[in-house]
Amino acid sequence: MAGTAVPGRLSWLFADVVDVIVETARVRTLVLSVPGWRGHRAGQHVDIRLTAPDGYQVQRSYSIASATNEERVELTVERLEDGEVSPYLTGELRVGDKLELRGPVGGYFAWEVADTNGGPLLLIGGGSGVVPLMAMIRQRSMARSDVPTRLLYSSRAFEDIIYQAELARLVAESPGLEVVHTLTRSRPADWTGYDRRIDDVMLAEVAWAPSDRPLVFVCGPTRLVESVASTLTALGHDPGRVRTERFGPTGG
């Protein structure tokens, strides 16, 4: 299995698009067959390179959504209206098309079952920041691990919840897995969950006690990630066990 990867030492590989899955109105999962792929760790990402007919190239990084697989890679991409890459990936790419990718990249924000070292696993994500966290949940399921795992997931609306049906299924099938949702903009009339942005009160209620030494992964927009990380530290959690990955406007 691949560990930390250094971009300058990786070769570009050609990937075949074998499926495109509609997750939400703005989000698609690209299922890629990648000959020569040697696997990855949950939480790592890849670089995608597109080349125009005139030779112009553009490159973006996307988290891997799938558990470890030697030839299949799944990328979940959210369309940014003013983006340069995501509108093509979510709107124009079709089964049978090819992509260039390089990876896997990253070692700090990556997880294996043994990494929790006896403590529970706490995953906190906002929007498409759930993608690498979903890879960890899928890896846990594939390994048949029963490590206590809790996902706190912030979405704008119920219809914006990525992997909604799969998360519900995995909770039903996987002992020790919990998913807590919060909706920040609109909610169904019968909604009984959280209805605000993640704050200190919510974290105190959802997170394990610091004495339980959870291993924490936080991914999402910069403001959310910084707020969650600082709040967890203030609540007494070990900063060395809080790993973060953030994203912001990059041109998509």
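In table form, for the structure just shown:
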quantity: Residue among M136, M202 that is in the same structural domain as T222 (by TED's automatic domain parsing) and within 21 Å of H45 (Cα to Cα); calculated: M136
quantity: Matching strands (runs of 3 or more DSSP E) fully within segment 110-227 where at least 3 residues are in contact (Cβ under 8 Å) with a residue 40 or more places away in the chain and within 24 Å of G240 (Cβ to Cβ); calculated: 121-126, 215-221
quantity: Selection status of T90, over 20 Å from H237 (Cα atoms), assigned by TED's automatic domain parsing to the domain that holds Y62 and polar (S, T, N, Q); calculated: yes
quantity: Qualifying residue in segment 13-22 (condition: outside any strand (DSSP E or B) and either over 17 Å from the mean Cα position of the chain (by Cα) or outside the structural domain of G240 (by TED's automatic domain parsing) (or both)); calculated: no
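The values are calculated or read from the model by the stated rules, or taken from the named source; none is laboratory data. Everything quoted here is computed from the prediction, not taken from an experiment. Every residue, glycine as well, gets a Cβ built from its backbone with ideal geometry; the counts of neighbours run over all protein chains shown.
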